[in-house]
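Here's the structure we're looking at; comments come further down.
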Amino acid sequence: MSTILNAFAEAGALLASFDADFLAIVGLSLRVSLTAVLIACLIGFPLGAAVALFRFPGRGAVTLMLNTFMGLPPVVVGLLVFLILSRSGPLGVLGLLFTPTAMIIAQAILVTPIIAALTRQIVEDLWREYSDHLRSLDARPLDTLGTLIYDARFSLSTAVLAGFGRAIAEVGAVMIVGGNIDHATRVMTTAIALETSKGNLATALGLGIVLLVLALAVTASVQVINAIGARKAAIA
Amino acid sequence: MSAPQTILPLEVRQLVFEANSTRLLHDINLSLTAGQRTVILGPNGAGKSLLLRLCHGLLRPTSGDINWRGTGTRDRAIRHQAMVFQRPVMLRRTAHANITHTLKIRGVARTERRERADAALALAGLSGLADLPARLMSGGEQQRLALARAWVTEPEVLFLDEPTASLDPAATRAVETLIEGFHAAGTKIIMATHDLGQARRLADEVVFLNKGRLVEFSNAERFFEGPETEDGRAFITGDLLW
Ligand SMILES: Nc1ncnc2c1ncn2[C@@H]1O[C@H](COP(=O)(O)OP(=O)(O)OP(=O)(O)O)[C@@H](O)[C@H]1O
Ligand SMILES: [Mg+2]
């Protein structure tokens, strides 16, 4: 019980102190995960929408794959990215291992299937509603894709949040490809893992609370923006 | 509306449509020319919507041909047509944005879109609702918006599938006036309805369908004065059972 109370005190102290090291960790967490989500959106939106829209051989298999990959184990992805980026790996020459870039790559791989799979579902539902009109207009595939993604934007933001939640919370992948190097690749989750293993449970929990608050803040701001926008466009 | 190259007449030959190996349309033969307002009449399930969707190119025939003049396939012809559905598809945008979207799809320059959308909204009597999300509009307003949206594409042919089916008399009037506007501008009207009063008001010629077959195709006056077939007579006296 006292650990938990201490944790809250620790979390408060961390937040109040504006400790540079701590802020750097929070900043890196956000930078890595937000960038990964951005990349995942750039790939996942069009990919998911294309699978929803176009009939092609193997479409069922792609859908199955996307849905399955939503649950990719972070450590496995971390390991694969590690192998690819390690000195003897195919992309070893880039020297990306143990850099934030490697962490972004790993998280983007984790998040892309989530965003693509949810996008497929959302866009497929909207396509059912819009298809008569868009086909009657003889809209080109790219215009159709654009219309559906734009009009589904509020539902899609939920997919983005799911992706962000996955990225900010995972530890396995960033630990393996980032290495939890102080002042370089340490993020909140790896810091928590480290503090826990050192027995600093209060500090670990404090960091955990900050992580939760952060996730809450991001989710809440997206929801507020959504509520305003959705009211304007009458999505409800 | 300028129509440099018309896609009419429409020639429908030996058209058959089947779904799940049930024949829903049987050997339809039809020739539709410019100028005439064509009304497709028939009881529920007669195949009116199917015929419209086939002609517009939203469905592929099981066999038979749908030929627009000067085009071998429907793919180019559809660009000269518009369709208004019974339940209009409203994009999750404002009324105004619903129209500019259509203009954008049809390659109209951004600078022109606003003005043309304003004009179309004014024509449909919707200027005051320009910034209202389309999905909040009433059924009648949505149908007028759908017509305004069709208007900006300057179609040579306008398909309408029971455009007033769930509207009150005033809204029905407004929609019919807009349809007359298309006709006056030179657009060929092809409309499905089972509202006999509306058919009498709007039709120049009647295509009467029953159970997936073309039963009568004649001048509207002749049809309403005395249908040639038993089914036709039964339909206009309200006795047709299906
Ligand atoms: N994809 C489909 N598969 C099976 N049956 C279908 C399909 N589409 C339409 N039908 C059937 O074809 C028949 C004709 O349908 P259609 O919608 O053209 O009728 P309609 O004349 O427009 O009727 P209403 O006045 O009720 O709109 C109906 O019995 C309908 O159930
Ligand atoms: Mg119908």
* To do: For the stretch A:226-236, state whether one or more residues are over 25 Å from A:THR101 (Cβ atoms), among the charged types (D, E, K, R) and either surrounded by fewer than 18 Cβ atoms within 10 Å (Cβ to Cβ) or more than 14 Å from every other protein chain (Cβ to nearest Cβ) (or both).
  => yes
* To do: Report the residue count in the stretch B:143-161 for those that are touching a Lys or Arg at 6+ places or on another chain (Cβ under 8 Å) and either away from ligand 2 (no atom under 16 Å from the Cβ) or more than 14 Å from chain A (Cβ to nearest Cβ) (or both).
  => 5
* Scan of the stretch B:162-212 for residues that are within 18 Å of B:SER49 (Cβ to Cβ) and assigned to a loop (DSSP other than H, G, I, E, B), ordered by number -> B:GLU162, B:PRO163, B:THR164, B:ALA165, B:SER166, B:LEU167, B:HIS194, B:ASP195, B:ALA203, B:LYS211, B:GLY212
* **From the options A:LEU126, A:LEU148, A:LEU142, A:LEU161, residue that is under 30 Å from A:GLY71 (Cα atoms) and within 9 Å of chain B (Cβ to nearest Cβ)** => A:LEU126
* Asked: If you check A:ALA204, A:ALA217, A:ALA191, which single one turns out to be in a helix (DSSP H, G or I), free of Cβ contacts under 8 Å to residues at least 12 places away in the same chain and either out of contact with any helix residue (DSSP H, G or I) (no Cβ under 7 Å at 6 or more places or on another chain) or away from chain B (no Cβ under 14 Å) (or both)?
  -> A:ALA217
* Tell me, yes or no, whether the stretch B:126-142 has at least one residue that is within 16 Å of ligand 2 (Cβ to nearest atom), surrounded by fewer than 17 Cβ atoms within 10 Å (Cβ to Cβ) and under 26 Å from B:HIS194 (Cβ atoms). => no
* Within the stretch B:5-31, considering residues that are within 14 Å of B:GLN81 (Cα to Cα) and away from chain A (no Cβ under 14 Å), the one nearest to ligand 1 (Cβ to nearest atom) -> B:LEU10
* Asked: Does the stretch A:146-153 contain at least one residue that is of a type in the set (S, T, N, Q), within 26 Å of B:LEU52 (Cα to Cα) and in a helix (DSSP H, G or I)?
  -> yes
* Considering each residue of the stretch B:34-65, count those that are away from chain A (no Cβ under 14 Å) and without any contact (Cβ under 8 Å) to a residue 60 or more places away in the chain, and give that number. => 5
* **Subset of the stretch B:110-137 [out of contact with any helix residue (DSSP H, G or I) (no Cβ under 8 Å at 6 or more places or on another chain) and at pLDDT 95 or above]** => B:GLU115, B:ALA119, B:ALA122, B:GLY128
* **Some residue of the stretch A:104-123 being crowded, with 19+ Cβ neighbours inside 10 Å and within 14 Å of chain B (Cβ to nearest Cβ)** => yes
* Structure fact -> Out of (1) buried (at least 19 other Cβ atoms within 10 Å of the Cβ); (2) in contact (Cβ under 8 Å) with a residue 12 or more places away in the chain; (3) away from ligand 1 (no atom under 16 Å from the Cβ), the one B:ARG116 does not meet is (1)
* Could you tell me whether any residue of the stretch B:95-114 is within 16 Å of ligand 2 (Cβ to nearest atom), at the interface with chain A (Cβ under 10 Å from one of its Cβ atoms) and closer than 30 Å to B:ARG201 by Cα? => no
* Structure fact -> B:THR102 fails exactly one of (1) at pLDDT below 95; (2) closer than 24 Å to A:LEU148 by Cβ; (3) among the hydroxyl-bearing types (Ser, Thr, Tyr), namely (1)
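The values are calculated or read from the model by the stated rules, or taken from the named source; none is laboratory data. Just so you know, these numbers come straight off a predicted model, no measurement behind them. Note that we place each Cβ from the backbone using ideal geometry, even for glycine, and neighbour counts take in every protein chain shown.
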